[in-house]
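Here's the structure, in structure tokens; my notes come after.
The values are calculated or read from the model by the stated rules, or taken from the named source; none is laboratory data. Predicted model only: the values in this text are computed from it and were never measured. In this analysis, Cβ positions are derived from the backbone assuming ideal geometry, glycine residues included, and neighbour counts consider all displayed protein chains. To get the accessible areas, we keep the full protein, side chains included, count just its heavy atoms, and leave off ligands, DNA and RNA. Shrake-Rupley method; radii C 1.70, N 1.55, O 1.52, S 1.80 Å.
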Amino acid sequence: MAKRKGVGEFHANSVQRPCATDVTVSHYRLFPKALGQLISKYSVRELHLSLTQGFWRTRSWGQPYLQAPAGAELWVWFQDSVTDVDKTWKDLSNILSGIFCASLNFIDSTNTVTPTASFKPLGLANVTDHQFLRYAVLPREVVCTENLTPWKKLLPCSSKAGLAVLLKAEHLFDSRYHSQAVHIRPVCRDSTCLSVSWELRQTLTVVFDFFVSGHGKKVDLPAPVLHAQRYVSGYGLQTGEISTLIYNSHPYRAFPVLLLETVPWYLRLYIHTLTIITKGKENKPTSSGPTAAPSPGDADSAAGKLCHKDHIQFERALLKWTEYPPDPNHGFYVSSSVLSAMVPSVTAMKEEVEELSPLFASLFPSSDGSSYFVRLYTEPLLVNLPTPDFSMPYNVICLTCTVVAVCYGSFYNLLTRTFHIEEPKKEGLAKRLANVIRKMRGVPLL
């Protein structure tokens, strides 16, 4: 980690051991019943959910064990027996929204994608048909105490015993980076793999500032071999450009990188403007379909040298007034890009660091030891769109209501009021005498 920074990690592993290779979960002594029933009802093969506040600065803090994008990330593999994946995905996200007290119910067809290469099953998978995979990110999601409490309730002893007693919200959320995740996948029960168990892994990663909080333990993470940056350029509210910079700090190795960009519909991309620059050479894709981008590094690349750059222009759409969020002037978030690569293991992860992170080693095993899988995320983007003056409708409504109230009130008063003519009453003798006396004295009459 960087100077005056420390990382703290908490891993909890629960395994449900059925008697046969069944997709259902029926024993809930340690496995949470809420998640077990969810797996059985919606035929879930794998489920990965993360709620993150902040951004992991790979260049300054080093290579993370398990990085997650800012906000809420959810990706699920369904069983091949599911007939309507989209409906099941929508129902599943609504139930998870209630379990974790998050805004996952805002996941719909506008922010859901089906990646074909970036996300593979992390557990036992006989079928890798990507039509059963759904992926969504809500970069605007804010993580707070109400999300941590249901996460701790999934632990076997909740927050009443064990290390979970130390997970105090006032200390965890006073940090630079906070990420809590839930990973559910099928694993082999033993080396023969004749029976399957359901594994639930709960992870919590926190980056503390020693100068501010004084908590955490300093850990030297390996230097980042691969890191990336992304930003929006341009001026005005009509067009703009998204740029992604990928760095390869390996001293002599080049390796391919998969880049997944999820752009919302209100940013209309100009595919013909896509420009890929590698080793100073500009490459133009020949079609709007999938293209094989060049490798983000070569044998001559120096450490920390910019090796790969992507540019694409977009046009900002003009939304309907009902499609704007409550604070439209704040801007619209664009989810993080996903980088997936097989990084050479010599520099990607040291052996002693790998031993300290059994979660990473089990989720991303290395077959021959020559490379190691790494998944990274870039910063989320904040884009401004053409926003109307929402005070004008308010002024029009106030003026209209005032005019209608005055006109209608006067007209209604004229229609409903009853007029009576009162004849003047004759003055009495005493009053006449008093007026005569007051007139003689020169005072006003009664």
What do you reckon, is residue 95 of a type in the set (Val, Ile, Thr), open to solvent by 20 Å² or more (accessible area, probe 1.4 Å) and modelled with pLDDT of 80 or more? yes
Hey, could you check the range 416-432 for residues that are open to solvent by less than 100 Å² (accessible area, probe 1.4 Å) and part of a helix (DSSP H, G or I) and say which is modelled with the highest pLDDT? 416
Of the residues that sit in the range 234-265 and are open to solvent by less than 30 Å² (accessible area, probe 1.4 Å) and among the aromatic types (Phe, Trp, Tyr), which one is nearest to residue 63 (Cα to Cα)? 247
Here is a check on your reading of the model: is residue 112 of a type in the set (Val, Ile, Thr) and open to solvent by 50 Å² or more (accessible area, probe 1.4 Å)? no
Breaking point among (1) over 30 Å from residue 246 (Cα atoms); (2) open to solvent by less than 50 Å² (accessible area, probe 1.4 Å); (3) part of a loop (DSSP other than H, G, I, E, B), for residue 66: (1)
Yes or no: residue 140 among the charged types (D, E, K, R), touching a Phe, Trp or Tyr at 6+ places or on another chain (Cβ under 6 Å), open to solvent by 60 Å² or more (accessible area, probe 1.4 Å) and closer than 30 Å to residue 86 by Cβ? yes
